[in-house]
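Q: If you scroll down you'll find the structure; I have some questions about it.
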Amino acid sequence: MYTDETLLASIKKVEAKRAANAALEPRRMTADEKDQVLSTYHPDYIKSQFATLRIGPNKGDKVPLELADLLQGRSRINPKDVDLSHVDYDVDVLVIGGGGAGASAAIEAHNAGAKVMVVTKLRMGDANTMMAEGGIQAADKPGDSPAIHFLDVYGGGHFAAKKELVYKLVNEAPEAIQWLDSLGVEFDKDKDGVMITTHGGGTSRKRMHAAKDYSGAEIMRTLRDEVMNLGVPVVDFTSAIELLKDEKGDCAGAVLLNMETKEVRIARAKTVIIATGGAGRLHYQGFPTSNHYGATADGLVLAYRAGARLLYADTLQYHPTGAAFPEQIFGALVTEKVRSLGAKVVNCDGDVFVHPLETRDVEAAAIIRECKGEHKGITTPTGGMGVWLDTPMIELKNGAGTIEKRIPAMLRMFAKYGIDIRKEPILVYPTLHYQNGGVEIDTNCESNVRNLFVAGEASGGIHGRNRLMGNSLLDVIVFGRDAGKVAAARSKEVQVGKLTLCHVDAFNKERTGAGITGGTYSPKLLPDYRRPDMNKEATYEL
Ligand code: MEZ
């Protein structure tokens with residue numbers, strides 16, 4: 001509920017201009033204008049927030065400060081204390097991560113006849129896929145094509161994506177939708193059974209398929225059921241803390257840590273798939289996040305220490321519309337679908353200052369500029385910043401009942417705090433949403449470490465330097481499935497040699513050589529929200 005006088009006065013201005021704003025077709029920014037707003041206001045351009053890596057395969061590259069700490073951090077194990085002669089799990093394909101990519105990989109690897117095991121530090125489905133709201137892209141309607149989808153992805157990513165990965169993403173998208181439909185995902189359909197599709201930021205065609213505004217939960221529910229129905233073993237509350245190699249230098253499993261008992265277990269595997277998701281819980285630059293609790297960049301750390309190269313680990317996605325108020329949902333995702341359905345962002349005077357569907361990096365930077373540069377933002381009752389997202393425009397444009405029908409989760413999220421988004425605008429500000437880069441992969445999802453595959457948000461190269469809405473749910477399905485199939489096929493020809501942790505010793509040596517001592521234990525595993533003055537017993541280092 002809004003009670004603050006200044007907010008109420010600003011809302012009056014928004015209401016007065018609503019009808020005119022709803023009818024307005026704001027112009028798109030030129031390429032130069034986009035460059036200008038990005039370089040001045042996007043957090044990725046704040047040089048002081050990045051460090052140069054001193055060791056590892058990406059030595060010399062810049063990454064966010066918090067990530068540099070983890071990538072160059074201390075292993076949680078001392079290799080000489082780990083007994084590699086006792087193997088607890090022996091499988092063909094070890095999938096690390098229980099989100100959309102991990103589940104898709106496990107299903108396909110199992111279907112290809114491999115002995116698969118999923119290990120996840122929380123529970124199956126506790127992942128960013130579950131949190132995804134607005135939808136999944138696929139060019140499967142007349143007037144659209146994978147070629148047009150390719151242009152949108154490639155341009156939206158600033159022409160930096162690996163073209164062969166984009167090619168695969170867009171070409172396999174229609175089949176990914178059919179696969180999900182056949183597994184039982186309840187996509188929004190019209191009365192004739194045709195899937196309803198909408199625009200997202202930077203899409204030139206309406207190709208966003210959705211299950212209301214809980215598309216990710218619907219997809220994850222279905223995938224999780226399939227994993228369970230197939231009887232794929234899932235070891236939960238257990239994290240991978242180092243990868244294992246064999247004496248040939250190929251990936252050969254992982255050291256696992258039971259998060260409850262702190263017991264260490266050895267999983268030998270012919271192939272490993274990292275599907276550990278993103279990094280929002282590292283709260284880069286102090287941003288709140290829309291991410292799941294487990295999003296702490298663990299896969300990047302595991303792979304990096306084993307010698308895998310990262311690509312574009314310096315580019316993050318700040319979703320333009322995180323909730324800025326009330327405090328209880330600070331940083332939570334306000335899906336882009338709200339803007340797809342017709343809501344626009346407006347400033348404290350009720351003026352539209354940006355097209356609502358610019359690509360995410362541009363839209364987010366424009367909102368930050370409006371608040372910090374133009375001083376036309378709104379100070380929230382708790383002292384934060386935001387602009388209005390004028391949600392009542394949706395029903396002006398599409399008729400009463402649209403919000404309840406198409407974005408019921410948004411309606412409920414704000415209703416809990418006495419805000420009726422059908423009648424009142426909401427306060428939004430960018431929130432840390434996605435890791436655009438990650439471990440570099442080829443079209444087989446393989447990293448430069450043999451038999452180490454990566455799928456989903458932990459991989460890098462598919463989206464270039466900026467991802468478009470709805471291409472993440474797509475990427476976890478397309479690349480997750482393929483990683484499962486390829487890893488299963490590869491496992492048939494792999495003979496695992498003697499297990500080693502020599503790469504961890506080598507990494508430790510490199511740290512010492514670079515003068516890095518002490519430092520953070522990594523992978524991080526879980527965020528730490530305890531106050532700095534609290535007694536922080538070291539939790540997971542051994
Ligand atoms: O792809 C996404 O990140 C997505 C669909 C988010 C959203 O705004 O709903």
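The values are calculated or read from the model by the stated rules, or taken from the named source; none is laboratory data. Quick caveat, the model's predicted, so the values are computed rather than measured. Don't worry about glycine lacking a Cβ; one is built from the backbone with ideal geometry, like all the others, and counts go over all protein chains shown. Remember, those area values only see protein heavy atoms, side chains included, never the ligands or the DNA or RNA. Shrake-Rupley method; radii C 1.70, N 1.55, O 1.52, S 1.80 Å.
Q: Restricting the stretch 355-380 to residues that are of a type in the set (A, V, I, L, M) and touching a Gly at 6+ places or on another chain (Cβ under 6 Å), which is surrounded by the most Cβ atoms within 10 Å (Cβ to Cβ)? It would help to see each step written out before you state the result.
A: So in the stretch 355-380, the residues of a type in the set (A, V, I, L, M) come out as 357, 362, 364-368, 378.
Those still in the list that are touching a Gly at 6+ places or on another chain (Cβ under 6 Å) too: 357, 378.
Working: 357: 19, 378: 27.
Here the answer is 378.
Q: Could you say which residue among 262, 270 is charged (D, E, K, R), part of a strand (DSSP E or B) and open to solvent by 50 Å² or more (accessible area, probe 1.4 Å)? Let's see the steps before the verdict.
A: Values: 262 fails: part of a strand (DSSP E or B).
Within the list 262, 270, the selection yields 270.
Q: For the stretch 3-116, please list each of the helices (runs of 4 or more DSSP H) lying entirely inside it that holds at least 2 residues being in contact (Cβ under 8 Å) with a residue 40 or more places away in the chain, under 20 Å from residue 298 (Cα atoms) and open to solvent by less than 10 Å² (accessible area, probe 1.4 Å). I'd like the intermediate steps shown before the answer.
A: Values: elements: 5-23, 31-41, 65-71, 100-111.
Per the criteria, 65-71, 100-111.
Q: When you check residue 221 against the structure, is it open to solvent by 60 Å² or more (accessible area, probe 1.4 Å) and in a strand (DSSP E or B), yes or no? Before you say what the answer is, go through the steps one by one.
A: Values: open to solvent by 60 Å² or more (accessible area, probe 1.4 Å): yes; in a strand (DSSP E or B): no.
Here the answer is no, as residue 221 does not meet what is asked.
Q: So residue 328 fits all but one of (1) part of a helix (DSSP H, G or I); (2) surrounded by fewer than 24 Cβ atoms within 10 Å (Cβ to Cβ); (3) within 16 Å of the ligand (Cβ to nearest atom); what number is the exception?
A: (3)
Q: Looking for something open to solvent by less than 10 Å² (accessible area, probe 1.4 Å), hydrophobic (A, V, I, L, M, F, W, C) and either free of Cβ contacts under 8 Å to residues at least 12 places away in the same chain or part of a strand (DSSP E or B) (or both) - is there at least one such residue anywhere in the stretch 458-480?
A: no
Q: Let me ask you something else. Is there a residue being modelled with pLDDT under 95 and of a type in the set (S, T, N, Q) anywhere in the stretch 397-417?
A: No: zero hits.
Q: In this structure, does residue 308 turn out to be open to solvent by less than 10 Å² (accessible area, probe 1.4 Å), in contact with a Pro (Cβ under 7 Å, 6 or more places away or on another chain) and in a loop (DSSP other than H, G, I, E, B)? Explain how you work it out, then say what you get.
A: Numbers: open to solvent by less than 10 Å² (accessible area, probe 1.4 Å): yes; in contact with a Pro (Cβ under 7 Å, 6 or more places away or on another chain): yes; in a loop (DSSP other than H, G, I, E, B): yes.
Yes.
Q: Additional query: Of all residues in the stretch 460-483, how many are within 11 Å of the ligand (Cβ to nearest atom) and of a type in the set (S, T, N, Q)? Break it down into steps so the answer makes sense when it comes.
A: Looking only at the stretch 460-483, we keep the residues that are within 11 Å of the ligand (Cβ to nearest atom), and these are 463, 467-476.
Okay, now just the ones that are also of a type in the set (S, T, N, Q), so 471-472.
Here the count works out to 2.
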